[in-house]
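Notes follow the structure.
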Amino acid sequence: MINRKLKIIVVIFLGIVVVIFMMNQQHVVKNNNIKEEKRGSNDTDSLRYQTTYRGKTYQKSAPVYLPEDYHSSNKKYNVLILMHGWSMTDEDFTAGRADDKAPIIADLMKNEKTPFIVVTPTYYPNRSFVTNSWDDDRPLNERFSKVEVTEVLKAIKAKYRVYDSRDHYAFAGFSMGSVTTWDVLENQLDKFRYFQMMASGYDGDMVALRQRLQQSDLSFDATISAGSNDSTIYGARDSARSLQEFKNVRLFTDRGGEHNLPSAMRQLKYGMTYFFK
């Protein structure tokens, strides 16, 4: 009887060991997949700058995608500043996320005839500003468009071989990053010519914005986009309709797209066809 119980205990113990081993293997595979999805993290440079918010100075850095031929050439490059959405990070566009299969910037650039520099800063002073409500981001979006974007531009022009003219600069964003893009269109039209607003309409005074654009001598190009299964498509449509008098404003609908990074990257791929043309 004792031997039989001992055998049962040994079998149970071995079974537990096997289960633990398999769980560890799954964990290793999962971690390997995460590393694969962050395949672009080793291909990016870093742009350092500082900004002051509410009396405190923050030392910040932004991931930068550089075209493959950047270090082997002497030419100048166009620049896209690409802004993330609520709770996202500044690396999501360049390194990917572990929870989806979205392409990264390096993937979109593979078929680009004239690759450009992509800088992906964050409007958060640091991660302590991330809350459980996207409403809390709104003041930070506006502040970035009025203050921090000029600091980022200054750092870009000091470090990289880029142009001075606004004709060589684009600003795009997803979700609350799109809200930031609308603010940049409103506040920094003299510094950017190309825009893409992904997954948001304009939340300000559209009549005032339209009048400001009408009175400006500066031309601009804007793609307003959203996924067809994303509720922000309605605001995007309304905003595009309100700006339809401007010949270089268009609406793009990502068929089947939702409010997520895979859809945002498909939208960006479309919008890129209008940058720097």
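Quick check on region 128-160: of everything there that is of a type in the set (F, W, Y) and assigned to a helix (DSSP H, G or I), which residue is nearest to K277 (Cα to Cα)?
F144
Here are D137, D100, D107, D92: which of them is within 15 Å of S175 (Cβ to Cβ) and surrounded by fewer than 19 Cβ atoms within 10 Å (Cβ to Cβ)?
D100
Any residue that is within 22 Å of R166 (Cβ to Cβ), modelled with pLDDT of 95 or more, open to solvent by 40 Å² or more (accessible area, probe 1.4 Å) and not β-branched (V, I, T) - is there at least one of those in region 222-237?
no
Please go through region 110-124 and give me each residue that is farther than 14 Å from F174 by Cβ, part of a loop (DSSP other than H, G, I, E, B) and open to solvent by less than 10 Å² (accessible area, probe 1.4 Å), ordered by number.
Residues satisfying the conditions are F116, Y124.
Could you tell me how many of the residues in region 161-206 are among the aliphatic types (A, V, I, L, M) and either in a helix (DSSP H, G or I) or surrounded by fewer than 24 Cβ atoms within 10 Å (Cβ to Cβ) (or both)?
Filtering region 161-206 for residues among the aliphatic types (A, V, I, L, M) gives 162, 170, 172, 176, 179, 184-185, 189, 197-199, 206.
Still in the running and either in a helix (DSSP H, G or I) or surrounded by fewer than 24 Cβ atoms within 10 Å (Cβ to Cβ) (or both): 162, 176, 179, 184-185, 189, 206.
Residues flagged as among the aliphatic types (A, V, I, L, M) and either in a helix (DSSP H, G or I) or surrounded by fewer than 24 Cβ atoms within 10 Å (Cβ to Cβ) (or both) within region 161-206 amount to 7.
The values are calculated or read from the model by the stated rules, or taken from the named source; none is laboratory data. Keep in mind it's a predicted model, so treat the numbers as computed, not measured. Every residue, glycine among them, receives a Cβ derived from its backbone with ideal geometry; neighbour counts consider all protein chains shown. Accessible surface is based on the protein model in full, side chains and every heavy atom, while ligands, DNA and RNA are left aside. Shrake-Rupley method; radii C 1.70, N 1.55, O 1.52, S 1.80 Å.
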